Amino acid sequence: MEIEKTDIEGCFIIKPRKFHDERGYFFESFNEAGFQELTGTKTRFVQDNQSYSSYGVLRGLHAQTGNHAQAKLVRVLKGEVLDVAVDVRLNSPTFGKHVAVKLSAENNLQLFIPRGFLHGFVVLSETAEFFYKCDNYYNKESEKGVIYNDPALGIDWLLADEKLNLSDKDILLPTLAEAYNK
């Protein structure tokens with residue numbers, strides 16, 4: 001696998017080595033030792049999650065906080081999404097900055113998102129199957145979120161607002177300043 005550093009410390013784009021022949025292809029989507037060596041992290045994943053969504057569905061921006069904070073390794077099994085990670089580490093020089101990358105079944109890219117980040121994605125294809133590993137277990141009481149269209153974040157979701165489909169919960173999320181008292 002190849003690792004590409006992003007403009008935000010701790011976030012990495014991961015590209016697997018893909019082997020093709022007349023039968024199809026093969027690639028190793030995760031190898032703990034290789035991942036830890038290339039990223040310099042000691043992340044150990046304990047939970048896998050998968051979702052299915054249709055065009056325009058925007059899930060986010062969400063985080064788990066405190067003792068239940070989660071690092072994530074995300075990828076797309078079918079379709080294409082724009083995946084976004086926002087740095088909300090309070091003492092970080094990149095607080096409020098984001099990384100956005102198109103993940104698809106065709107490019108097989110993955111994004112590693114360390115603890116202390118909000119995460120969200122929007123589906124750009126007709127449907128998408130989204131898969132991610134977490135290094136900590138989900139805890140409902142530790143949920144936190146920020147509204148997707150907060151002008152302070154400046155995220156281009158690549159779709160017009162009228163094409164987006166958000167949950168009732170996500171529409172009511174606070175701004176970054178409201179959620180993090182900045």
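Separation of the alpha carbons by more than 26 angstrom is noted, of Lys5/Lys169; Lys42/Lys97; Lys18/Lys97, for Lys5/Lys169; Lys18/Lys97. Over the chain, all Cα pairs binned in 10 Å intervals from 0 give whole-percent P(r) values of 9, 38, 38, 13, 2, 0, listed from short to long. With both labels modelled 7 Å from their Cα along Cα-to-Cβ, the Ala177 to Ser125 distance reads 3.9 nm. Full extension of the chain between Glu162 and Phe30 gives 43.9 nm of extra length, using 0.36 nm per residue less the Cα-Cα distance. Straightening the chain between Ala105 and Glu22 buys 28.0 nm, computed as 0.36 nm per residue apart minus the Cα-Cα spacing.
Estimated from helical segments only, the mean residue ellipticity of the chain at 222 nm is -2000 deg cm²/dmol, where each DSSP H run of four or more residues counts as -39500 (n - 2.57). Residues Cys134, Cys11 in ascending order of nearby Cβ atoms (within 10 Å, fewest first): Cys134, Cys11.
The numbers here are math on the coordinates, done by the rules we state, and not lab data. As the structure is a computational prediction, the values presented were derived from the model and not from experiment. Don't worry about glycine lacking a Cβ; one is built from the backbone with ideal geometry, like all the others, and counts go over all protein chains shown.
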